[in-house]
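Participant: Take this structure first; my questions come after.
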Amino acid sequence: MTQDQAVILAILAGTVAMFVWGRWRHDMVAVASLLACVLAGLVPNAAAFAGFGHPAVVTVACVLILSGGLQQSGAVDALARVALPQSAGALTTIAALTGLATVLSAFMNNVGALALLMPVAVQVAAKQNLPPGKVLMPLAFGSILGGMTTLIGTPPNLIVSGFRAETGAGSFAMFDFAPVGLAVAAVGLVFVVIFSRWLVPLRERAGAEGFETGAYLTEARVTEKSKAQGMTLREIDKVLEEADAQVIGLVRNEVRIPAPSPFREVTRGDILIIEAEPEGLVSALSTLGLKLEEDVRKTDKDESSEDEANGDDTEHPEADKDSADDEDPKEKRRKAIQSDDVVLMELAVLPDSTFAGRSASDIRLRTRYDINLLAVSRQGQRSMARLRTMTVRPGDVLLMQGRPESLNEFASQFGCVPLAERALRIPEPRQALTASGIMAVAVGGAAFGLVPAAISFAGGVLASMALRVVSPRTVYNAVDWPVIVLLGALIPVAGAMATTGTADLIARAMLETLAQGHPVIALTLILIVTMTLSDFMNNAATAAVMCPIAIGTADQLGASADPFLMAVAVGASCAFLTPIGHQNNTLILGPGGFGFGDYWRLGLPLELIVIAVGVPMLLLVWPL
């Protein structure tokens, strides 16, 4: 082993460890790995950022933009309206929904396909009286399976195609992945639909009705001596922050105002609806000189009793209030935080959400958007503690209170998916047809070899912008920039593995110790190792790391590199054991109420099926 090989192996081991650890975002890890290679002299300074001009990177960005056009135009909603049965049993409905996700993810970003269909899946689960997870996990797995069937279905396929081009054999064509991918996807889809009813864990995740938002929801009156009198709600919130409390509503002159403006001034007699933990409630009340409304009513009631004892027959309106207090506590809390103008909405945090890694305080949720964060569901566990400063994670479900337009705008801006029941958007026919036509022409141009894939899809993006299918102002919002940075940074690192002979060294060690020179065993090992890595690190990163090893293995055996590269493509796409292996697994984590260990029950047998079907198909379609 040379010094350069030892250094690149150390960098590679550290990179994989950081990916698995998950403390740093994957694009940060990739850039750190690239810079380490540059500093070690393994990647020339001039070539450090050459990966960002790689055709695979350009194609991924363009496909994401075209996928956004299909979503925004309503073309996908129109297809869903036609494809999904209106009234059918659970098995048929789940099969249709999962099948649609599989087809869509072959030609568009599979995270986008899942995000579009997830609210429909939640409705289906409620209609069929099933836990949401029983529908969401098959849907997520189906969308992952569909990605392996075309060149543009998933970033690993584009990366594999790029590495093949570097060997001098040319890029893979649009549907070269289809024979193996379709066989694996079809068998996997049948298995998932039929056996998910038994293998998906039963996880009841209550919807908005089940969030314990009112456990410590308290009404406090602003009295004549209250320090809060004359302060704005924003100023009061700053005082309450130290007590981990917040004002989520206001009652003035018997009119309830949920989610009031933070600049509204509080006056004497107002009733503040405060959400707080028990230990913070006393501090919050004493700091502002507020008095519990229950105590105010109690005092009024005592005075009423004294008047009655003295023969005073004056009617007291508080008596009517007391009778209203017999109302169900949950319904009472519901009225306190919801009205005709202000609603509660559940939002699932997407893997690429700009809210992930930040807190409500960081983005000034209340003051900028007039929205209250009432509760968070994480892996089926509800949390009410320190909501202001809690760091949001991908897959969390947020219970938010605000006006519908504010909530929808927030969801769109920060990358969240509303889980509330919604009607499919009625597409504008001309725009939907235009978006579909542009995608079809771009796919056709690449499939028939008229122009390289990167050029074909870049032309499609330009046409989408010119015809206003995608707004030029928002065109770059559709790009998953962390993935683009990851690809651009790791491609030179993978190149260093090849130029230093490290890929050949790993391949030789694998062949001598495990495969013992048998090509079929080596092919199976490449598939298994790739699939295992993909369960714990980003699939694009897995493909970039494994492609040089696959090519090195083929060289050592004197075999064609094609079946080994295809094994990497299949393995990188099949991450079913953990919620962190694929973005779609992460996305259903909160809405399905799943924990980290809930995926392997359906995922492990599915991965065994991928091996059992994939290896023979690879040998049949791509002979050694």
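Participant: What's the number of the only condition in (1) polar (S, T, N, Q); (2) at pLDDT 90 or above; (3) in a helix (DSSP H, G or I) that THR542 fails to meet?
Facilitator: Unmet for THR542, out of (1) polar (S, T, N, Q); (2) at pLDDT 90 or above; (3) in a helix (DSSP H, G or I): (2).
Participant: So, one more: Are any residues in region 514-532 over 37 Å from the mean Cα position of the chain (by Cα) and under 30 Å from ILE580 (Cα atoms), and if so, which ones?
Facilitator: Going residue by residue through region 514-532, those that are over 37 Å from the mean Cα position of the chain (by Cα) are 514-519.
Scanning region 514-532 gives LEU514, ALA515.
Participant: Another question, then. I'm checking my understanding of the structure. Among residues of region 455-499 that are of a type in the set (A, V, I, L, M) and free of Cβ contacts under 8 Å to residues at least 12 places away in the same chain, which one is farthest from GLN5 (Cα to Cα)? Step through it out loud before you land on a result.
Facilitator: Initially, region 455-499 is screened for residues of a type in the set (A, V, I, L, M), giving 455, 458, 461-463, 465-467, 469-470, 475, 478-479, 483-487, 489-491, 493-494, 496-498.
Next, from what is left, pick out any that are free of Cβ contacts under 8 Å to residues at least 12 places away in the same chain: 455, 462, 465-466.
On the way: ILE455: 36, LEU462: 43, MET465: 46, ALA466: 49 Å.
Applying the filter and picking the extreme gives ALA466.
Participant: Another question about this same structure. Which of the residues spanning region 482-516 are hydroxyl-bearing (Ser, Thr, Tyr) and surrounded by fewer than 18 Cβ atoms within 10 Å (Cβ to Cβ)? Steps first, answer last, please.
Facilitator: Applying the first criterion (hydroxyl-bearing (Ser, Thr, Tyr)) to region 482-516 yields 499-500, 502, 513.
Correct list: THR499, THR513.
Participant: Out of VAL120, VAL103, report the one residue that is more than 18 Å from PHE457 (Cα to Cα), touching a residue at least 60 places away in the same chain (Cβ under 8 Å) and of a type outside the set (Lys, Arg).
Facilitator: After applying the criteria, what remains is VAL120.
Participant: What residue, among those in region 565-584 that are among the aliphatic types (A, V, I, L, M) and assigned to a helix (DSSP H, G or I), is farthest from LEU145 (Cα to Cα)?
Facilitator: Of region 565-584, the ones among the aliphatic types (A, V, I, L, M) are 565-570, 572, 575, 577, 580.
Adding the requirement that they be assigned to a helix (DSSP H, G or I) leaves 565-570, 572.
Working: LEU565: 18, MET566: 15, ALA567: 14, VAL568: 14, ALA569: 12, VAL570: 9, ALA572: 11 Å.
Among them, the one singled out is LEU565.
Participant: Just wondering, is there one or more residues in region 424-441 that are farther than 25 Å from VAL82 by Cβ, open to solvent by 60 Å² or more (accessible area, probe 1.4 Å) and either modelled with pLDDT of 90 or more or not β-branched (Val, Ile, Thr) (or both)? Before the answer, list the steps.
Facilitator: Kept after step one, since they are farther than 25 Å from VAL82 by Cβ, are these residues of region 424-441: none.
Looking through region 424-441, none of the residues is farther than 25 Å from VAL82 by Cβ, open to solvent by 60 Å² or more (accessible area, probe 1.4 Å) and either modelled with pLDDT of 90 or more or not β-branched (Val, Ile, Thr) (or both).
Results for (1) open to solvent by less than 20 Å² (accessible area, probe 1.4 Å); (2) over 22 Å from SER456 (Cα atoms); (3) small (Gly, Ala, Ser), shown as yes or no for each residue.
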| position | (1), (2), (3) |
| --- | --- |
| THR92 | no, yes, no |
| PHE107 | no, no, no |
| ALA125 | yes, yes, yes |
| GLY133 | yes, yes, yes |
| ALA165 | no, no, yes |
| PHE172 | yes, no, no |
| PHE175 | no, no, no |
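Participant: Scan ASP341, ASP352, ASP362 and give me the residue that is farther than 18 Å from PRO132 by Cβ, in contact with a helix residue (DSSP H, G or I) (Cβ under 7 Å, 6 or more places away or on another chain) and either among the basic types (Lys, Arg) or modelled with pLDDT of 65 or more (or both).
Facilitator: Numbers: ASP341 fails: in contact with a helix residue (DSSP H, G or I) (Cβ under 7 Å, 6 or more places away or on another chain); ASP362 fails: in contact with a helix residue (DSSP H, G or I) (Cβ under 7 Å, 6 or more places away or on another chain).
It is ASP352.
Participant: Still on this structure, please answer the following. Can you work out which of the residues in region 214-251 that are at pLDDT 75 or above and farther than 15 Å from LEU290 by Cβ is most open to solvent (accessible area, probe 1.4 Å)?
Facilitator: LYS238
Participant: OK, next. THR532: over 30 Å from LEU462 (Cα atoms), assigned to a helix (DSSP H, G or I) and either open to solvent by less than 30 Å² (accessible area, probe 1.4 Å) or in contact with a helix residue (DSSP H, G or I) (Cβ under 6 Å, 6 or more places away or on another chain) (or both), yes or no? Write out each step before concluding.
Facilitator: Values: over 30 Å from LEU462 (Cα atoms): yes; assigned to a helix (DSSP H, G or I): yes; either open to solvent by less than 30 Å² (accessible area, probe 1.4 Å) or in contact with a helix residue (DSSP H, G or I) (Cβ under 6 Å, 6 or more places away or on another chain) (or both): no.
Answer is no for this residue.
Participant: Continuing with the same structure: Going through ILE588, ILE580, ILE609 one at a time, which residue ends up being at pLDDT below 90, open to solvent by less than 40 Å² (accessible area, probe 1.4 Å) and not aromatic (Phe, Trp, Tyr)?
Facilitator: Numbers: ILE580 fails: open to solvent by less than 40 Å² (accessible area, probe 1.4 Å); ILE609 fails: at pLDDT below 90.
Exactly one residue qualifies, and that residue is ILE588.
Participant: Which residues, taken from region 558-573, are crowded, with 24+ Cβ neighbours inside 10 Å and either acidic (Asp, Glu) or within 17 Å of the chain's Cα centre (by Cα) (or both)? Walk me through it before giving the result.
Facilitator: We begin by selecting, within region 558-573, every residue crowded, with 24+ Cβ neighbours inside 10 Å; these are 563-573.
Across region 558-573, the qualifying residue is only SER573.
Participant: Moving on to the next point. Can you confirm whether region 143-156 contains a residue that is open to solvent by 10 Å² or more (accessible area, probe 1.4 Å) and assigned to a helix (DSSP H, G or I)?
Facilitator: yes
The values are calculated or read from the model by the stated rules, or taken from the named source; none is laboratory data. Fair warning: this is a prediction, and the values are worked out from it, not measured in the lab. Backbone-built Cβ (ideal geometry, glycine too); neighbour counts: all protein chains shown. Quick note on the areas: whole protein, heavy atoms, side chains included, nothing else; ligands and nucleic acids left out. Shrake-Rupley method; radii C 1.70, N 1.55, O 1.52, S 1.80 Å.
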